[in-house]
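**Student:** Sharing a structure, written as structure tokens. Questions coming.
The values are calculated or read from the model by the stated rules, or taken from the named source; none is laboratory data. Quick caveat: nothing in here was measured; it's all calculated off a predicted structure. Every residue, glycine as well, gets a Cβ built from its backbone with ideal geometry; the counts of neighbours run over all protein chains shown. Heavy atoms of the whole protein, side chains included, go into the accessibility calculation; ligands, DNA and RNA do not. Shrake-Rupley method; radii C 1.70, N 1.55, O 1.52, S 1.80 Å.
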Amino acid sequence: MRSWRKGLVIITCGPRGASLFTHNHQVEVPAMLVRPVDTTGAGDAFMGAILYQLVQQGMSTPVELPTLSERDIHNLGTLANHVAGLSCTRYGGISSFPYMHEVLSVMASMQLDNQG
């Protein structure tokens, strides 16, 4: 149990989103609403997006994970859910993974929709 205090636990729930836990925070992130055609690789897409973001933030060891704020964790889950959601709209495993510019474009358009 000691490693739990220094880690990040993630439970993915497909169309119900994901739950992300650190010792200090618990965050629920809704799934991106899509019409899936193939869910092959969605979990890999999700985890790849989490790892990509952690590396981009300079996190290289589990010891650094407790420094994540609730907002950081929410942002991790949100982007990962969008990557996984978009991958479900395409056929294949790795070939279904979206490019980052696609993910950011969809996220930006969704923010505009929510503001209007």
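**Student:** How many residues, within segment 65-96, are closer than 15 Å to PRO36 by Cβ, at pLDDT 95 or above and not aliphatic (A, V, I, L, M)? Outline the logic, then answer.
**Tutor:** To start, the set of residues in segment 65-96 that are closer than 15 Å to PRO36 by Cβ comprises 81-93, 96.
Those left that are additionally at pLDDT 95 or above: 81-91.
Checking the rest, the ones that are also not aliphatic (A, V, I, L, M) come to 81-82, 85, 87-91.
The number of residues fulfilling the criteria is 8.
**Student:** Still on this structure, I have one more. Report the residue count in segment 30-58 for those that are over 13 Å from ARG90 (Cβ atoms) and either of a type outside the set (A, V, I, L, M, F, W, C) or in contact with a helix residue (DSSP H, G or I) (Cβ under 7 Å, 6 or more places away or on another chain) (or both). It would help to see each step written out before you state the result.
**Tutor:** In the first step, residues of segment 30-58 are kept if they are over 13 Å from ARG90 (Cβ atoms); the result is 30-33, 43-44, 46-58.
From what's left, either of a type outside the set (A, V, I, L, M, F, W, C) or in contact with a helix residue (DSSP H, G or I) (Cβ under 7 Å, 6 or more places away or on another chain) (or both): 30-32, 43-44, 46, 48-50, 52-53, 56-58.
The total comes to 14.
**Student:** Turning to a different aspect of this structure: Could you pull out the residue among ARG71, ARG90 that is surrounded by 11 or more Cβ atoms within 10 Å (Cβ to Cβ), out of contact with any Phe, Trp or Tyr (no Cβ under 6 Å at 6 or more places or on another chain) and of a type in the set (Lys, Arg)?
**Tutor:** Values: ARG71 fails: surrounded by 11 or more Cβ atoms within 10 Å (Cβ to Cβ).
Of ARG71, ARG90, the one residue that is surrounded by 11 or more Cβ atoms within 10 Å (Cβ to Cβ), out of contact with any Phe, Trp or Tyr (no Cβ under 6 Å at 6 or more places or on another chain) and of a type in the set (Lys, Arg) is ARG90.
**Student:** Any chance you could count how many residues in segment 29-68 are open to solvent by 80 Å² or more (accessible area, probe 1.4 Å) and more than 23 Å from PHE97 (Cα to Cα)?
**Tutor:** 4
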